[in-house]
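A.B. asks: Have a look at this one before I ask anything.
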Amino acid sequence: MTDVKIAPRPPYAFETLTIANNDVISFNNNLATNSERAFVSIEGGNLRYRLDGTNSSNIVGHLVLANGNFIVDGRTALKGCKMTANGANVTASVTYFAR
């Protein structure tokens with residue numbers, strides 16, 4: 001396994017999100033407000049997300065395949081991130097990095 005440098009700032013919070021098929025969810029607002037970056041890994045199915053505050057859907061948004069991960073950088077993007085499970089329920093593990 002290769003080490004991945006995610007952020008120069010320390011991690012300060014973690015949450016697990018369960019996203020049912022076709023549901024749209026966002027990060028915890030308090031955690032997103034106090035963060036500069038989030039590392040998200042997903043399990044269980046594919047996921048689509050948008051960072052502009054508009055809801056994603058099964059066909060619209062950036063696609064992350066099952067067991068993939070992505071980074072959301074910046075408070076505006078963190079607060080605007082909308083995620084949708086695509087075809088199966090998804091568990092998203094999120095580590096937040098301090099501002």
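A.B. asks: When both residues are 6+ apart or on different chains and their Cβ atoms are under 7 Å apart, which pairs have a first residue that lies in the range 6-30 and is of a type in the set (S, T, N, Q), and a second that is part of a loop (DSSP other than H, G, I, E, B)?
C.D. replies: Every condition considered, the pairs that remain are THR18/ASN89; ASN21/GLY87; ASN21/ALA88; ASN21/ASN89; ASN22/ASN58; SER26/CYS81.
A.B. asks: Tally time: how many residues in the range 25-35 are buried (at least 18 other Cβ atoms within 10 Å of the Cβ) and either modelled with pLDDT under 95 or polar (S, T, N, Q) (or both)?
C.D. replies: Result for the range 25-35: 2.
A.B. asks: Is it the case, given these coordinates, that VAL40 is touching a Cys at 6+ places or on another chain (Cβ under 8 Å) and either in contact (Cβ under 8 Å) with a residue 12 or more places away in the chain or not basic (Lys, Arg) (or both)? Spell out the reasoning first.
C.D. replies: Working: touching a Cys at 6+ places or on another chain (Cβ under 8 Å): no; either in contact (Cβ under 8 Å) with a residue 12 or more places away in the chain or not basic (Lys, Arg) (or both): yes.
Considered against the rule, which asks whether it is touching a Cys at 6+ places or on another chain (Cβ under 8 Å) and either in contact (Cβ under 8 Å) with a residue 12 or more places away in the chain or not basic (Lys, Arg) (or both), VAL40 comes out as no.
A.B. asks: Also, quick follow-up: Hey, could you check the range 65-80 for residues that are in contact (Cβ under 8 Å) with a residue 24 or more places away in the chain, aliphatic (A, V, I, L, M) and surrounded by fewer than 15 Cβ atoms within 10 Å (Cβ to Cβ) and say which is farthest from ARG99 (Cα to Cα)?
C.D. replies: ALA66
A.B. asks: Within the range 55-64, is even one residue within 12 Å of ILE19 (Cα to Cα) and crowded, with 17+ Cβ neighbours inside 10 Å? Show your work before the answer.
C.D. replies: Quick first cut of the range 55-64, residues within 12 Å of ILE19 (Cα to Cα) only: none.
Among the residues of the range 55-64, not one is within 12 Å of ILE19 (Cα to Cα) and crowded, with 17+ Cβ neighbours inside 10 Å, which makes the answer no.
A.B. asks: Here's a follow-up. Could you grab me the full set of residues in the range 37-51 that are under 13 Å from the mean Cα position of the chain (by Cα) and not hydrophobic (A, V, I, L, M, F, W, C)?
C.D. replies: Quick first cut of the range 37-51, residues under 13 Å from the mean Cα position of the chain (by Cα) only: 37-43, 46-51.
Across the range 37-51, the qualifying residues are ARG37, SER41, GLU43, ASN46, ARG48, TYR49, ARG50.
The values are calculated or read from the model by the stated rules, or taken from the named source; none is laboratory data. The shown structure was predicted, so the numbers you read here are calculated from the model rather than taken from an experiment. Using ideal geometry, Cβ is built from the backbone for each residue, glycine included, and neighbour counts are taken over all protein chains shown.
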